[in-house]
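The values are calculated or read from the model by the stated rules, or taken from the named source; none is laboratory data. Values in this document were obtained by computation on a predicted structure and should not be read as measured data. Glycine gets a Cβ as well: all are built from the backbone with ideal geometry, and neighbour counts include every protein chain shown.
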């Protein structure tokens, strides 16, 4: 992993142009026209069944578009996958739990090759560097079955990083993790973005844990995907429409910000209310990162 390379650019990393996706004869979403800038951290959000994972699969070229076009890293979807690190939601259940952490990470180098996969000294060094970056180098010899969910998630990210990708894509990386595991994962994503300039895309149900690091979001609403920066997404009316339940953007007196259901009778301390743009500024999410 080259920690000295600045990959951040004003160019778009992912570009949708009048894109649409259909599965089993059913239109999932359509009229997707937007661009995600390079060097950003973006969430894909929406309710169940709106096509969040389908969007990621389309970006990887695994799901053909029904209409329009899609470019990733300047090439048609699927043609730049050697420069993409991908962590599927099913990683921990799909991979052999008898593999050691190091063996799992090495699959990021050898897993797509046919035939015998000789592991070179250089391969092992690259795997060690990736594990060192995510903080699991000291667990290299342990089997995945011996690791906690949070540590397995870090191993999964190391496997995605070992090829030094320009774009990292994660499908529900915080699912089934405890609070400490979620915080560690979010901190790791922030480090990848700030130190390596890596573009990161995350499928997420809950925005709260990711809010400190997000630059923008793709939100799937009324059958159409849209992209906006976080200071525009942090709008109570928009989030209420998106999630189908009354939502408020609130801050605590300490300045911590989160998205919460709007209760008729608030429980606990009363929170200060701000306009979405004010909340974004308080949390630093409106700073120019591209």
*Residue in region 119-140 that is at negative phi and in contact with a strand residue (DSSP E or B) (Cβ under 9 Å, 6 or more places away or on another chain) present*: yes
*Out of curiosity, is residue 223 exposed (fewer than 15 other Cβ atoms within 10 Å of the Cβ) and modelled with pLDDT of 90 or more?*
yes
*Grab the helices (runs of 4 or more DSSP H) fully contained in region 147-252, keeping just those with 3 or more residues being more than 27 Å from residue 68 (Cα to Cα).*
149-161, 179-196, 236-243
_Would you confirm whether or not region 253-272 contains a residue that is modelled with pLDDT of 70 or more and assigned to a helix (DSSP H, G or I)?_
no
*What strands (runs of 3 or more DSSP E) lie completely within region 1-51 and have 2 or more residues being closer than 16 Å to residue 190 by Cα, modelled with pLDDT of 95 or more and touching a strand residue (DSSP E or B) at 6+ places or on another chain (Cβ under 7 Å)?*
41-45
*Taking residue 160, is it more than 21 Å from residue 43 (Cα to Cα) and modelled with pLDDT of 90 or more?*
no
